[in-house]
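The structure is given below, and queries will be raised subsequently.
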Amino acid sequence: MTLTSLAARNLLRNKVRTSLTLLGVAVAVVTFLLLRTVVAAWTGGAEFAAKDRLVTRHKVTFVMPLPKRYIDEIRALPGVKAATFCNWFGGKDPKHDREFFAQFACDDGYFDVMTEQQVAPADLAAYKADRTGAVIGESLAHVMGWKVGDEVKLETGIYPSDSGWAFTIRAIYKATSRNVDKSSFFFHWDYLNQGLPEGRRDAIGWVTSRVDDPAHTAEVGVAIDRAFDDKDTQTLSQDEHTFQAGFLAGFSAVLYAFDAISIAILLVMTLILGNTIAMGVRERTSEFATMRALGFMPQHLRWFVLGEAGVLGLLGGALGIGIAIPLIQGLLGRFLEENMGNIFPVFRLPFGACVLALSCALGLGILAALLPARSAARVNVTDALRKLV
Amino acid sequence: MSKEDILIDLRGVTKTYERGGESLTILESLDLELPRGTFAALMGPSGSGKSTLLNLIAGLDKPTAGSIEIAGQRIDRLSEAKLAKFRSSSVGFIFQSYNLLPVLTAVENVELPLLLAPVAASERRKRAQTALRVVGLEDRMDHYPRQLSGGQEQRVAIARAIVNDPVLIVADEPTGDLDRKSADEILKLMETLNRELGKTIIMVTHDPAAAARAGVVHHLDKGRLQRKADGGEHA
Ligand SMILES: Nc1ncnc2c1ncn2[C@@H]1O[C@H](COP(=O)(O)OP(=O)(O)OP(=O)(O)O)[C@@H](O)[C@H]1O
Ligand SMILES: [Mg+2]
C-alpha cells in the first residue's frame, strides 16, 4: 500500500455515490461538448472562407439589391479576375415545406468563381443550355430524393408568381471539402429576371469577385467601393471571411446564449463534485483525526482530498468524452451533416473542446475541493476523537 | 530511580479550557513520573480529565502550563510538525472504538503508520504481517474491519500500535466496547506486550478488573492525581 493507493481506496468507499457523481460529471461534459460542437459547426464556415474572394453588397444592408450594371463595372476594375452575382430566392418546395434549403439565382459564371463547388463539365453544359435548369448539392439531392431530370416547383414570398417557379434539375455539384455547403439550389438569374414585373428587373443581391492576388484582396475591395462612392447606391466590399462572420453576427445573441449555457453547465459540474467531496470529508472526520493521531500531517489530508477530487473530475470528464465521441461523431454528426448540411456542413467534435472539457473537469474538481480540503486539514484531533467515543 | 529509567515525566501540568468567556481548569499543577516498562492504569470519574491527560502525554494536545518530558524530550515545546513526527515514531495508539479505516484490510490498516516512515513497501508489508502474527490474527490479514469481531478489530488496532515499535503505548478505554471475554483477551495481550516486549503502557479504564492487570493505578479526581495502589498480581 502507498499514499496514492490509500487515496484511491477512498473513491471506492461509496461506490453508488462515486458512480452517480461520475455520471453527473459525464452528462455535464457531454452537454458542454454538444454546445461547443454546435458553435464550432456554426462558425466553422467562416473560418474556411477563401482569402482571394470579395463579397460586395449594398452599403446599408445585405437585403437591399444593387443595380445589375454594377457587375460590368466591377469586372472591368484592375485586380478583379472574375466576378459573379446572385440573388437570394427564399423559396421552398410546397411538397416538402418543412425542409429548409437555400436557393440562389446566379449568373452563369458562378461555378467559375466558387471553385470549391464542382460540377461535371457535361452536366454544367446541360445546365447552361436549359433556361429553367437548376444545379443542386449532393446532400440536398440525397435528402429530397432528387436526381438529374427531375422537375421541381418552388414558391417564394420574395418573388411571388401565380403559377410558381418551375425548374428541371440538370446537374448535381460536389464539394471539394467537408466545410463547403452541399445543400444549396442554384438556377439562372436570367430566368428569375425575365419572370419579374418590369419595375423589379435588373437588380442583383450581391457580387462575389475573385482577385488576382490574395495579398491585394483588401485594396481591391477599397477600389470597388470607391468606384461607386458618388453613385446613388453605394457598396460595401468585404473579404469572404468578414462577410460570413458579419452574417453570423446576426446570430451572435444565440452564440452568446450558448456560451452562457456552457458556463452554467461547468458551474453545475463544480457543484456536483463539490457536494460529493464535501459529504465524503464530513463523514470521514473521525478517520482524519485518527490519521492525524498516527502522525499524518494536515497537508497529507489536504492532498488526499484534492487528489480524490482531481481523479473524480478526470474520470468523469473522460467518461463524458467517451460518450460524446461516438454520440457526436458517429450518430448526431452524420445525421445532421446529411440532413441539415446547409446549417451544419461540418458537425464534428472539435479536439480543442475535448481538451478544454477535460481540463475543466480536473480544474473545477480541484477548485470544488479547496474548501473541503481545508476543513479536512483543520480537523481538531482531540475534539474529533472525543466525539467518536 | 535513575533519570534514564523515567520515561514519562510531567511537572506542574495544567490544562485549562476557555469556553464562553469562562475558563475551566481540568488538570491542575499535576506531577507524574512513570518508569520505562510500566503498565499503568488511569482511573477516575467521567469528565475528570483522563482522556485529556492521556492526550497530553501522547503529544496530541499541549498543556496550558507545565512541562512534559517523554524519553528525555520536552514535547510541550515541539511544533505541530515535530509533534506529529514524535507521535508517529514514539507513540502507539489504541482507541475505545478501534478507529480502523474501513476501506483498508487488516494488514493495510497495520501498515498505515509505516507510510510515514522511510520503509520500503515490501518491508512495510512484512512488518505489518509480523505485528498481526503477534496479536494472533495471521489468518485475518486480508479481512476488512466490517468482517471482523470487535475483539479482532481491537487486536488489529494493537498490531497497528506496535508496528513502528514505539516506546509508549496509550490506550483510552481499550475494552470499553468489548464483552468480558474479548476484553480479557485484549488485556492479556497488553500484559504480554508489557512483559515480553517491555512496552510502557498507559491505559485509561473504568473497569476495576482491567485496572487490576496494571502494575500501577493512578486516580484522577478534581484535577488532581493520586497514586492509589499498586495494581494486581505483578506490582
Ligand atoms: N475542547 C474542549 N473545550 C472545553 N472543554 C473540554 C474540551 N475537551 C474536554 N473538555 C472538558 O474537559 C473535561 C475532561 O474531559 P475528558 O474527556 O478528559 O474526561 P474523561 O475523564 O476522559 O471522561 P470520560 O471518562 O467520560 O471519558 C470534561 O468536562 C470535558 O467537557
Ligand atoms: Mg475519556
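Assess whether A:M269 counts as being surrounded by 13 or more Cβ atoms within 10 Å (Cβ to Cβ), among the hydrophobic types (A, V, I, L, M, F, W, C) and at pLDDT 95 or above. Show your work before the answer.
Values: surrounded by 13 or more Cβ atoms within 10 Å (Cβ to Cβ): yes; among the hydrophobic types (A, V, I, L, M, F, W, C): yes; at pLDDT 95 or above: no.
For A:M269, the condition - surrounded by 13 or more Cβ atoms within 10 Å (Cβ to Cβ), among the hydrophobic types (A, V, I, L, M, F, W, C) and at pLDDT 95 or above - is not met.
Also, I was wondering about something else. Across segment A:1-10, what is the number of residues that are at the interface with chain B (Cβ under 9 Å from one of its Cβ atoms) and within 42 Å of the chain's Cα centre (by Cα)?
2
Given (1) under 30 Å from A:V152 (Cα atoms); (2) crowded, with 17+ Cβ neighbours inside 10 Å; (3) in contact with a Lys or Arg (Cβ under 9 Å, 6 or more places away or on another chain), identify the lone condition not met by A:D202.
(2)
Rundown of residues vs (1) within 12 Å of chain A (Cβ to nearest Cβ); (2) farther than 28 Å from B:I57 by Cα, yes/no style:
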residue: B:L112; (1), (2): yes, no
residue: B:A117; (1), (2): yes, no
residue: B:A128; (1), (2): yes, no
residue: B:A131; (1), (2): no, no
residue: B:G136; (1), (2): no, yes
residue: B:V167; (1), (2): no, no
residue: B:V170; (1), (2): yes, no
residue: B:L189; (1), (2): no, no
residue: B:T192; (1), (2): no, no
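I'd like the full set of residues that are under 22 Å from the mean Cα position of the chain (by Cα) and in a helix (DSSP H, G or I), limited to segment B:125-139.
Keep residues of segment B:125-139 that are under 22 Å from the mean Cα position of the chain (by Cα), which gives B:127-137.
Listed by number, the residues that qualify are B:R127, B:A128, B:Q129, B:T130, B:A131, B:L132, B:R133, B:V134.
Related question: Filter segment A:175-194 for residues that are surrounded by 14 or more Cβ atoms within 10 Å (Cβ to Cβ) and modelled with pLDDT of 90 or more and give the result.
Correct list: A:S184, A:F185, A:F186, A:F187, A:H188, A:W189, A:Y191, A:L192, A:N193.
Which one of the conditions (1) under 18 Å from the mean Cα position of the chain (by Cα); (2) surrounded by fewer than 20 Cβ atoms within 10 Å (Cβ to Cβ) does A:A227 fail to meet, given that it meets all the rest?
(1)
Listed residues A:M297, A:M279; which is at pLDDT 95 or above and open to solvent by 30 Å² or more (accessible area, probe 1.4 Å)? Walk me through it before giving the result.
Numbers: A:M279 fails: at pLDDT 95 or above.
Result: A:M297 is the single residue among A:M297, A:M279 that is at pLDDT 95 or above and open to solvent by 30 Å² or more (accessible area, probe 1.4 Å).
Also: Looking at segment B:112-124, which of its residues are part of a loop (DSSP other than H, G, I, E, B) and touching a residue at least 40 places away in the same chain (Cβ under 8 Å)? Before you say what the answer is, go through the steps one by one.
Filtering segment B:112-124 down to residues part of a loop (DSSP other than H, G, I, E, B) leaves B:117-120.
Once the filter is applied, which keeps residues that are part of a loop (DSSP other than H, G, I, E, B) and touching a residue at least 40 places away in the same chain (Cβ under 8 Å), segment B:112-124 yields only B:A117.
For segment B:150-174, enumerate the residues that are touching a residue at least 40 places away in the same chain (Cβ under 8 Å) and either in a loop (DSSP other than H, G, I, E, B) or within 16 Å of ligand 1 (Cβ to nearest atom) (or both).
B:V163, B:N164, B:P166, B:V167, B:V170, B:A171, B:D172, B:E173, B:P174
Let me ask you something else. Given (1) at pLDDT below 95; (2) more than 16 Å from ligand 1 (Cβ to nearest atom); (3) open to solvent by 20 Å² or more (accessible area, probe 1.4 Å), identify the lone condition not met by A:R386.
(2)
In the list A:D52, A:D93, A:D112, which residue meets the criterion of being open to solvent by 50 Å² or more (accessible area, probe 1.4 Å), among the charged types (D, E, K, R) and in contact with a strand residue (DSSP E or B) (Cβ under 9 Å, 6 or more places away or on another chain)? So that I can check it myself, show each step before the final result.
Details: A:D52 fails: open to solvent by 50 Å² or more (accessible area, probe 1.4 Å); A:D93 fails: open to solvent by 50 Å² or more (accessible area, probe 1.4 Å).
Checking each option against the conditions leaves just A:D112.
Check whether at least one residue in segment B:68-81 is surrounded by 15 or more Cβ atoms within 10 Å (Cβ to Cβ) and within 16 Å of ligand 1 (Cβ to nearest atom), and report yes or no.
Yes, segment B:68-81 contains at least one residue that is surrounded by 15 or more Cβ atoms within 10 Å (Cβ to Cβ) and within 16 Å of ligand 1 (Cβ to nearest atom).
Say we look at segment B:200-213 and pick out the residues that are more than 16 Å from ligand 2 (Cβ to nearest atom) and at pLDDT 95 or above; which of these is nearest to B:S149 (Cα to Cα)? Give the steps one after another, and end with the answer.
So the first thing to find is which residues in segment B:200-213 are more than 16 Å from ligand 2 (Cβ to nearest atom), and the list is B:200-201, B:208-209, B:212-213.
After this cut, where a residue has to be at pLDDT 95 or above as well, the list is B:200-201.
Numbers: B:T200: 27, B:I201: 24 Å.
If we take residues in segment B:200-213 being more than 16 Å from ligand 2 (Cβ to nearest atom) and at pLDDT 95 or above, then B:I201 is nearest to B:S149 (Cα to Cα).
Go through segment B:175-186 and give me each residue that's within 18 Å of B:R160 (Cβ to Cβ), assigned to a helix (DSSP H, G or I) and hydrophobic (A, V, I, L, M, F, W, C).
B:I186
In segment B:53-67, how many residues are within 8 Å of ligand 1 (Cβ to nearest atom) and either of a type in the set (K, R) or open to solvent by 10 Å² or more (accessible area, probe 1.4 Å) (or both)? First the steps, then the outcome.
Kept after step one, since they are within 8 Å of ligand 1 (Cβ to nearest atom), are these residues of segment B:53-67: B:53-55.
If we keep only those that are either of a type in the set (K, R) or open to solvent by 10 Å² or more (accessible area, probe 1.4 Å) (or both) as well, we get B:55.
Count: 1.
Quick one: in segment B:214-235, of everything that is small (G, A, S) and at pLDDT 90 or above, which residue is farthest from ligand 2 (Cβ to nearest atom)?
Kept after step one, since they are small (G, A, S), are these residues of segment B:214-235: B:214-215, B:223, B:229, B:231-232, B:235.
Retained after the next criterion (residues that are at pLDDT 90 or above): B:214-215.
Numbers: B:A214: 17, B:G215: 21 Å.
Applying the filter and picking the extreme gives B:G215.
Give all pairs with beta carbons closer than 7 Å in which a residue from segment A:205-222 that is outside any helix (DSSP H, G or I) meets a residue that is open to solvent by 60 Å² or more (accessible area, probe 1.4 Å); count only pairs at least 6 apart in sequence or on separate chains.
Every condition considered, the pairs that remain are A:G205/A:P65; A:G205/A:W88; A:R210/A:K81; A:V211/A:K81; A:D212/A:K81.
Please state which one of B:G20, B:G37, B:G12 is open to solvent by 70 Å² or more (accessible area, probe 1.4 Å) and more than 16 Å from ligand 2 (Cβ to nearest atom). Steps first, please.
Working: B:G37 fails: open to solvent by 70 Å² or more (accessible area, probe 1.4 Å); B:G12 fails: open to solvent by 70 Å² or more (accessible area, probe 1.4 Å).
Every option except B:G20 fails the conditions.
Given the conditions (1) within 17 Å of B:N99 (Cβ to Cβ); (2) away from ligand 1 (no atom under 16 Å from the Cβ), and given that B:D179 satisfies all but one, which numbered condition is not satisfied?
The single condition B:D179 does not satisfy is (1).
Still on this structure, I have one more. Can you name every residue in segment B:72-94 that is under 15 Å from the mean Cα position of the chain (by Cα) and more than 7 Å from chain A (Cβ to nearest Cβ)?
B:F86, B:S89, B:S90, B:V91, B:G92, B:I94
Another question, then. Go over the candidates A:Y256, A:Y191 one by one and state the one that is part of a helix (DSSP H, G or I) and in contact with a Lys or Arg (Cβ under 9 Å, 6 or more places away or on another chain). Before the answer, list the steps.
Values: A:Y256 fails: in contact with a Lys or Arg (Cβ under 9 Å, 6 or more places away or on another chain).
Step by step, each of A:Y256, A:Y191 is checked, and only A:Y191 is part of a helix (DSSP H, G or I) and in contact with a Lys or Arg (Cβ under 9 Å, 6 or more places away or on another chain).
The values are calculated or read from the model by the stated rules, or taken from the named source; none is laboratory data. These numbers come from a predicted model, not from an experiment. Every residue, glycine among them, receives a Cβ derived from its backbone with ideal geometry; neighbour counts consider all protein chains shown. Surface accessibility is based on the protein's heavy atoms, side chains included, excluding ligands, DNA and RNA. Shrake-Rupley method; radii C 1.70, N 1.55, O 1.52, S 1.80 Å.
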